[in-house]
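FYI, it's all coordinate maths here, none of it is from the lab. Treat the numbers as computed from the prediction; the structure is a model and nothing was measured. Here the Cβ positions follow ideal geometry from the backbone for every residue, glycine too, while neighbour counts run over all protein chains shown.
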Amino acid sequence: MDERFVTTPDQVTVITDPDTIASIHAKTGFIPPSKEEQEWISSEGTKRWSVGDYVSSDELRAEYARKKALGQL
């Protein structure tokens, strides 16, 4: 049995150090959303999922950026 993608809770290391998290973000190019952006994505995603419009968070993040740039938010 190939178990290369199976982990158990004792194999997971939770990283909470802000400097380590910042270093990982810098290496990967990830820019965390602002609190305002995260709230919009969560709210909009919940609304859309409730009516069967399954939009990914990446798509919602792009839509937020577009609307913000156009002054629609």
**OP:** Looking only at the stretch 24-73, count how many residues are free of Cβ contacts under 8 Å to residues at least 12 places away in the same chain and among the aromatic types (Phe, Trp, Tyr).
**Re:** 3
Original post:
Taking the stretch 5-21 as the search range and keeping residues that are hydroxyl-bearing (Ser, Thr, Tyr) and assigned to a loop (DSSP other than H, G, I, E, B), which one is nearest to the chain's Cα centre (by Cα)?
Top reply: Thr16
**OP:** Could you grab me the full set of residues in the stretch 58-71 that are exposed (fewer than 11 other Cβ atoms within 10 Å of the Cβ) and farther than 17 Å from Arg48 by Cβ?
**Re:** Ala69, Leu70, Gly71
Subject >> Which numbered condition Ile24 fails, given (1) in contact with a Phe, Trp or Tyr (Cβ under 9 Å, 6 or more places away or on another chain); (2) in a loop (DSSP other than H, G, I, E, B); (3) β-branched (Val, Ile, Thr) >> reply: (2)
